[in-house]
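Worksheet: one structure, shown below.
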Amino acid sequence: MNATFTAKSTEGDGYLVQLDEVGDSLRIFCHCPAGKSKRWCKHARALSLLDASMLRDPEQSPALAAVAAWPLYPALRTVLDEKLAILDEIERQTEELNARSKVLKAALIRRIHLGI
């Protein structure tokens, strides 16, 4: 089974996102710059989670919803939910560490300018 969707883009025309069942796996490929670089992108994330708000054309919503009935989708969704929860926590921690780093650097530079 396979399906192709057009995801929203801030650049205009949108990006093609392909979902394909290949053997016993479900593959997702987005044609945005991040996807072409084999990086996880917001388009692939949203459409793999069946988030129709990322669709450029709302008329593609029924086809996106139909992906949930694919035989391999439930297993993919389980893995996605687990891994995305971990990724979200890592990103939250990264933001927290970046904020702490910024405060420490500002304090350090103030001390250097005032003399240590």
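Lys and Arg at +1, Asp and Glu at -1: add these up for the other residues within a Cβ distance under 12 Å of Asn98 and post the number. Within the 12 Å Cβ shell, the charges total +1. Shape analysis of the range 53-111 based on the Cα gyration tensor places the equivalent ellipsoid semi-axes at 42, 16, 4 Å, largest first. Positive-end ranking of Leu104, Pro58, Met1 along the dipole of the chain, with charges on Cβ about the Cα centre, is headed by Leu104. Distant-in-sequence amide contacts of Leu49, defined by a placed amide H-H separation under 5 Å and a gap of 5 or more residues or a different chain, comprise nothing. Each Cα pair of the range 43-85 feeds into the Kirkwood radius, which the Stokes-Einstein equation turns, at 4 °C and 1.567 mPa s, into a diffusion coefficient of 120 µm²/s. The loop-placed GluC sites (Glu not before Pro) in the range 1-78, going by DSSP, that have at most 15 neighbouring Cβ atoms within 10 Å of their Cβ come out as Glu11.
Stretching the chain fully between Glu82 and Leu50 yields a gain of 9.9 nm (0.36 nm per residue, less the alpha carbon separation). Where only DSSP H runs of four or more residues are counted, the chain gives -16500 deg cm²/dmol as its mean residue ellipticity at 222 nm, each run worth -39500 (n - 2.57). Taking 0.36 nm per residue of separation and subtracting the current Cα-Cα distance, fully stretching the chain between Glu89 and Arg111 would add 4.6 nm. Residue farthest toward the positive end of the dipole of the chain, with Cβ of Lys/Arg at +1 and Asp/Glu at -1: which of Pro74, Leu47, Cys32? Most positive-ward Cα: Cys32. When each of the peptides 32-39, 43-50 is scored by how many other beta carbons lie within 10 Å of its residues on average, the order from highest to lowest is 43-50, 32-39. Each other residue within a Cβ distance under 12 Å of Arg56 adds +1 if Lys or Arg and -1 if Asp or Glu, for a net charge of -3. Remark: spin-label model distance Arg27-Ala69 equals 2.5 nm, labels positioned 7 Å along the Cα→Cβ axis. Multiplying the residue separation of Glu96 and Ser61 by 0.36 nm and subtracting their alpha-carbon distance yields 9.0 nm. Our analysis of the range 1-52 gives Rg over Rh at 0.96, with the two radii drawn from alpha carbon positions and Rh computed by the Kirkwood formula.
Using bins of 10 Å that start at zero, the share of Cα-Cα pairs per bin across the chain amounts to 13, 34, 25, 12, 9, 6, 1, in whole %. A straight Cα-to-Cα reach below 23 Å connects Lys42 with the lysines Lys8, Lys83, residues fewer than 8 places away in its own chain not being considered.
Read-outs: derived from the displayed coordinates by stated rules, not from any lab. Everything numeric in this text was worked out from a predicted model, so none of it was measured. Reconstructed Cβ throughout: ideal geometry from the backbone, glycine too, with neighbour counts over all protein chains shown.
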